[in-house]
Amino acid sequence: MGLIILTSCTSTTKQGSSVIRMIGFEDLPVGDFAKGLMGNTFLEVTKGRAEVLTQPVASGEKALKLAGPETVVEWDLSQLSTPVIGVAFRAERWSGKEPFAFTIERESQGSWSTVNLGAQKALTGRLAPFVLQFDEPAEKLRITCQAPEEAGVVLDDFTFLSGAAMQLDSVAVYRPEFPVLKSKKDNPVLQMAVYVSGISEPLQVEQFLLSRPETKRPAGVKAVRVYYTGASPDFSGQNVFAEVDLKSQKWEAYGQQTLQHGVNYFWVSYELDGQISLTDRLSALCESVLISGKAIVPKQISKERSLRTGIALRQHGEDGVDTYRIPGLATTNKGTLIAVYDIRRNSSVDLQEDIDVGMQRSTDGGETWEPMQIIMDMGEYGGKPQTENGIGDPSVLVDRNTGTIWVAGVWAHGHPGKRNWWASKPGLSPEETSQFVLVKSEDDGKTWSEPINITRQIKHPDWYLLLQGPGKGITLKDGTLVFPAQFKDHEQVPHSSLIYSTDHGKTWHMGTGAKSHTTEAQVVQLEDGSLMLNMRDDRGREEIGARSVAITRDLGKTWEEHPTSRKALPEPVCMASLIRHTYQGKEVLLFSNPHTTKGRHHMTVQLSRDEGATWPTQHHLLLDEGYGRGYSCMTSIDEETIGILYEGSQADLIFQKFQLKELLDTPQ
């Protein structure tokens, strides 16, 4: 280990509070660390190896890692002007490998004692907060990490605390853009952050005063609860602070919660009843917070927007199913909504697993839904268990001339425990390669046919894999049926494409690849009759993510790149939805996906008035800012209304609907 002696580090003092010194690692060079002055404290590695990293960090750009198999650092605090009776910091376990031990000792008057960490733990994947109080002032700290050699613990954001009384720093309220869902007990609508400094004479939150409509009880709201989540900004329904009496003149949440140094998070949650409409909007506002007898008006740090409602169509664990994924959505000729999706019984993983295709109908524009039906289940074909006969990634299509509803799925047979994307091989039989399977309904989705295997009609035997583009297909102006598709060629390079039928599904034909390294496309027909294929592009894994777009005028025999390809529509390498809609006599395109290039969050709908040439920001609509799995599918409910089924932050599958005028008239 090279010797590095440092004489400076990020160090600040918070005047007039219990904070003696806040120390980070911003001024340290990246690499091995041995010892150094940090303000008027001194940190030294006495055993093992410590390293300054740029990731992960709690704040700023650097943190300190104590490496395995054992590293010990000692922190001399004797030169601080005020006795240290506590410390706050963040720690993250580097790798979940065992064995692992993380201990802190305090020296006072020449005697060392171990500090009780209580329930606080160094977690994998998150810099968790620690707040420690000492029974006697600390002159030194000793931090020890024992772990496998490639593992360790990462530390950041140290704050040394005096015995001065806790002080209130600020109170802030944030209104996240989350859908508020029927069929779900808790829906987070407001986050309140209470910032305090110190650990002596702790303050208490005693009441939240929330705004309420003038009516006795807002239509559709069944219950209002406030939860405490400690230092975690994420919502959890575990620790109830109070439940609001909706019959009272004021919405008051009374409770008692002792605050800890740093930030303390509270959440307001709504539970809806079954009477609320999906076009209704709600409000949420915190007017004041009572802290140790003093009423505080919080700072509002988000726009005051109405809350959108929705339905938790499928939730994790519902009906004994681990996960629901891969939404498809269509409107039949009779106006019925058809939702299809993966039923992933054992886990969230892709094929191969015990996966079937589920379907639900709504005959009232998505306000209510019939119970789930299983419409694609390959059973124990070939004598193999359900876990070796999974079928999924559905795509739904309505024949606008006959009314027949088609659903496509990919069936994987055999290769247990392996991902089908890699396990499927060249060939045509189920034992060799994945199968392209259809089912159809001729009674508006009430009953469904047995599986129809069209693999031999459309798959080239040299290809490793062929499947539909999940989401939906379309009927062209001349009656041709088109499903988006994707295949892996003889070199295992993926390509987006399409399949089509000119005889209402009796026979099917395959297009050519539109672009290499693309998958999970959606297709629309443009005004001139050409087809636009909007594709997930794997190049976004290494470059800035954006959708690829191609045009065909001959049902996929030839393709040309659209001018907006890899430019106009950001993506985090994820499936997306694209539909065409007629509104007030004009044609518009609608696109939905996580509107980011990294991470699947900020589910957003965009509108184009010029056949996809531009997607102006004033025509964007944010539905869900939280993290989810990111897939979505839209449908036209009527001229004024669009429905969307997506994988969101608040449920496995969320259904919402919105008015076109919201995208056209209300800048976001």
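Observations, loosely collected:
- Of the residues 589, 645, 622, the single one that is of a type outside the set (Gly, Ala, Ser), in contact (Cβ under 8 Å) with a residue 40 or more places away in the chain and touching an Asp or Glu at 6+ places or on another chain (Cβ under 6 Å) is 622.
- The single condition among (1) touching a residue at least 24 places away in the same chain (Cβ under 8 Å); (2) at positive phi that residue 372 does not satisfy is (2).
- Matching residues in region 459-488 - criterion: being surrounded by fewer than 16 Cβ atoms within 10 Å (Cβ to Cβ) and farther than 16 Å from residue 435 by Cβ: 462, 477, 478, 479
- Scanning region 94-120 for residues that are surrounded by fewer than 22 Cβ atoms within 10 Å (Cβ to Cβ) and either touching a Phe, Trp or Tyr at 6+ places or on another chain (Cβ under 8 Å) or hydrophobic (A, V, I, L, M, F, W, C) (or both) gives 100, 101, 102, 104, 105, 108, 112, 115, 117, 119, 120.
- Verdict on residue 431 being over 15 Å from residue 338 (Cβ atoms), modelled with pLDDT of 95 or more, surrounded by 17 or more Cβ atoms within 10 Å (Cβ to Cβ) and not hydroxyl-bearing (Ser, Thr, Tyr): no
- Each residue in region 1-41 was checked for being surrounded by fewer than 16 Cβ atoms within 10 Å (Cβ to Cβ), in a strand (DSSP E or B) and modelled with pLDDT of 95 or more, and 2 of them qualify.
- First in region 561-580 and within 13 Å of residue 612 (Cβ to Cβ), second anywhere and aromatic (Phe, Trp, Tyr) and in a strand (DSSP E or B), Cβ under 6 Å, 6 or more apart: 578/591
- Residue match in region 317-326 (condition: assigned by TED's automatic domain parsing to the domain that holds residue 658, without any contact (Cβ under 8 Å) to a residue 60 or more places away in the chain, assigned to a loop (DSSP other than H, G, I, E, B) and on the phi < 0 side of the Ramachandran plot): yes
- Members of region 137-150 that are farther than 19 Å from residue 197 by Cα and at pLDDT 95 or above: 139, 140, 141, 142, 143, 144, 145, 146, 147, 148
- Condition check for residue 303: surrounded by fewer than 17 Cβ atoms within 10 Å (Cβ to Cβ), within 23 Å of the chain's Cα centre (by Cα) and not assigned by TED's automatic domain parsing to the domain that holds residue 653: yes
- When residues of region 630-648 are limited to those that are over 22 Å from the mean Cα position of the chain (by Cα) and among the charged types (D, E, K, R), the one nearest to residue 364 (Cα to Cα): 638
- Evaluation of residue 266 against the conditions (1) in a strand (DSSP E or B); (2) closer than 30 Å to residue 483 by Cβ shows that the sole unmet condition is (2).
- Scanning region 341-376 for residues that are closer than 19 Å to residue 397 by Cα and among the charged types (D, E, K, R) gives 342, 356, 361.
- Residue check for residue 185: of a type outside the set (A, V, I, L, M, F, W, C), buried (at least 18 other Cβ atoms within 10 Å of the Cβ) and at pLDDT 95 or above: no
- Residue match in region 347-364 (condition: touching a residue at least 40 places away in the same chain (Cβ under 8 Å), among the β-branched types (Val, Ile, Thr) and closer than 23 Å to residue 205 by Cβ): no
- Qualifying residue in region 329-338 (condition: in contact (Cβ under 8 Å) with a residue 40 or more places away in the chain, crowded, with 24+ Cβ neighbours inside 10 Å and within 24 Å of residue 457 (Cα to Cα)): no
- Yes/no for residue 229 being under 26 Å from the mean Cα position of the chain (by Cα) and among the β-branched types (Val, Ile, Thr): yes
- Taking first residues from region 64-81 that are surrounded by fewer than 17 Cβ atoms within 10 Å (Cβ to Cβ) and partners that are among the charged types (D, E, K, R) and outside any strand (DSSP E or B), the Cβ contacts under 7 Å between residues at least 6 apart in sequence or on separate chains come to 69/149; 78/139.
- Odd one out for residue 376 among (1) more than 27 Å from the chain's Cα centre (by Cα); (2) under 13 Å from residue 445 (Cβ atoms); (3) buried (at least 17 other Cβ atoms within 10 Å of the Cβ); (4) of a type outside the set (Ser, Thr, Tyr): (2)
- Once region 523-563 is narrowed to residues that are assigned to a loop (DSSP other than H, G, I, E, B) and modelled with pLDDT under 95, the residue that is surrounded by the fewest Cβ atoms within 10 Å (Cβ to Cβ) is 542.
- Once region 428-471 is narrowed to residues that are closer than 30 Å to residue 592 by Cα and small (Gly, Ala, Ser), the residue that is farthest from the chain's Cα centre (by Cα) is 441.
- So residue 390, is it among the small types (Gly, Ala, Ser), more than 30 Å from residue 252 (Cα to Cα), crowded, with 21+ Cβ neighbours inside 10 Å and touching a helix residue (DSSP H, G or I) at 6+ places or on another chain (Cβ under 8 Å): yes
- Flag if residue 525 is touching a residue at least 12 places away in the same chain (Cβ under 8 Å) and at positive phi: no
- Evaluating residue 321 against the criteria (1) more than 18 Å from the chain's Cα centre (by Cα); (2) under 22 Å from residue 446 (Cα atoms) leaves one unmet condition, (2).
- Test set (1) touching a residue at least 60 places away in the same chain (Cβ under 8 Å); (2) part of a loop (DSSP other than H, G, I, E, B) - residue 202 fails condition number: (1)
- From the options 600, 566, 580, 629, residue that is part of a strand (DSSP E or B) and of a type in the set (Lys, Arg): 580
The values are calculated or read from the model by the stated rules, or taken from the named source; none is laboratory data. Just so it is clear, the structure is predicted and the values come from calculations on it, not from any experiment. FYI the Cβ positions are ideal-geometry reconstructions off the backbone, even for glycines, and counts take in every protein chain you see.
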